[in-house]
1. Could you tell me which of the pairs K72/K168; K72/K140; K62/K148; K159/K186; K148/K186; K60/K140 are separated by over 29 angstrom between their Cα atoms in the structure shown?
2. Take K159 and Q201, extend 7 Å from each Cα along the Cα→Cβ direction, and tell me the distance between the two endpoints in nm.
3. Residue by residue through region 108-120, which ³J(HN,Hα) values in whole Hz follow from phi under the Karplus form 6.51 cos²θ - 1.76 cosθ + 1.60 (θ = phi - 60°), with glycine and proline marked x?
4. Set the Förster distance to 30 Å, then compute FRET efficiency between S51 and K72 from the Cβ-Cβ distance, nearest 0.05.
5. How far, in nm, would the chain grow between R130 and N80 when pulled straight, counting 0.36 nm per residue and subtracting the alpha carbon separation?
Amino acid sequence: MARYRESACRLCRRETQKLYLKGDRCFTDKCAVERRNYAPGQHGQARGKLSDYGLQLREKQKVRRIYGLGEKQFHLTYLNATRMRGVAGHNLLMLLELRLDNVIYRLGFASSRNQARHWVRYGHVLVNGRRMNIPSARIKIGDVVSLKPASKDEVPQIKETLANLGRKSVPAWLEVDAANYTGAIKALPSREELTIPMQEQLIIELYSR
């Protein structure tokens, strides 16, 4: 699958808000949004008011970039959300939150979703004691997620991230055992527990056009 390999900070500037794509760097004064809070490019500071379609597109692009999905993968997630019972917008966000790479990030085992995706791809992550190398795998209630014991000692970046494990807050729908570096899914995430500023209804309206 195609991956965006250019500057992650450029994506944050395009949405004119922090998407937290570079982990701890986003909390420092090196953050590009803090230094240049306008869209990139020659005409970045002169962009006019967006149309209704423009607002819908920007919201979709923002959420897609936050979770690190390509357009095709994001659209398939939307289609799955519309086939489920309940509100399509809430279903969409729930499916995104239950991705394995996002769960690793939410538990604090990685400093960003991109880093969590690397941990999964390179076989550092276990689900119910078995290695899982698919970042998009959907985690279910009761599943236990952990890092491979050898990886915690052999990979310096993982050791550095785990050293700050207790400092990050974990959503209420997750349960983390910091001493053993494991986490479990207690419940499905509710809309109120998703603190990222998103207007999912705009995404539904865009795809329903």
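1. K72/K168; K62/K148
2. Each label point lies 7 Å from its Cα, and together they span 5.1 nm.
3. Once rounded to whole Hz, the list reads x, 7, 9, 7, 8, 5, 5, 5, 4, 4, 5, 4, 5.
4. The calculated FRET efficiency here is 0.75.
5. In short, 15.4 nm is gained.
Computed from the coordinates by the stated procedures, all read-outs in this text should not be read as laboratory data. None of these values were measured; they are calculated from a predicted model. Backbone-built Cβ (ideal geometry, glycine too); neighbour counts: all protein chains shown.
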